[in-house]
Amino acid sequence: MSGTGVDVSAEQGSTPVTIFGTTYHLRGEGDGSYLHELAREVDRRMREVAEATGTADTLKLAILAALNITDECLRAKRDPASPDEDPRLGRFVALIDDALADPGCRPSRAEDGRADGAA
């Protein structure tokens, strides 16, 4: 396999993963735990689609799950989350705002002469 990505292979050095009841042997760059994480996410998405649609056809489920995952990825690329949409990001913004409001945490300026900003 050249470049990056995941390859399905039964060759030695592959990582076995199970997605929707079927075992696949994957090869990819890096740690096998990442391949397991990918497989768990695909499995989760397929199960969500199966529950929502009542469909048992694994090919249809895989395609619908792939469309959902791709939609999510494209939306994230086109419109990154704002602090209001992502609770973690909102917490980080609040922490930064609190730190900036605290006079003891203000960054020093070179012209102040002291690292703590005092004259």
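Please treat every number below as a calculation from the coordinates, not as lab data. Quick caveat, the model's predicted, so the values are computed rather than measured. With ideal geometry, Cβ positions are generated from the backbone for all residues, glycine too; neighbour counts draw on all protein chains shown.
At a glance:
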read-out: Neighbourhood net charge (13 Å Cβ-Cβ; Lys/Arg +1, Asp/Glu -1) for ARG44; value: -3
read-out: Selection of GluC sites (Glu not before Pro), region 18-66, meeting DSSP coil and at most 13 other Cβ within 10 Å; value: GLU29
read-out: Using θ = phi - 60° and Karplus 6.51 cos²θ - 1.76 cosθ + 1.60, couplings along region 70-80 (whole Hz; Gly, Pro as x); value: 5, 4, 4, 5, 5, 5, 5, 5, 7, 9, x
read-out: Neighbour net charge for TYR34 - beta-carbon separation under 13 angstrom, K R +1, D E -1; value: -2
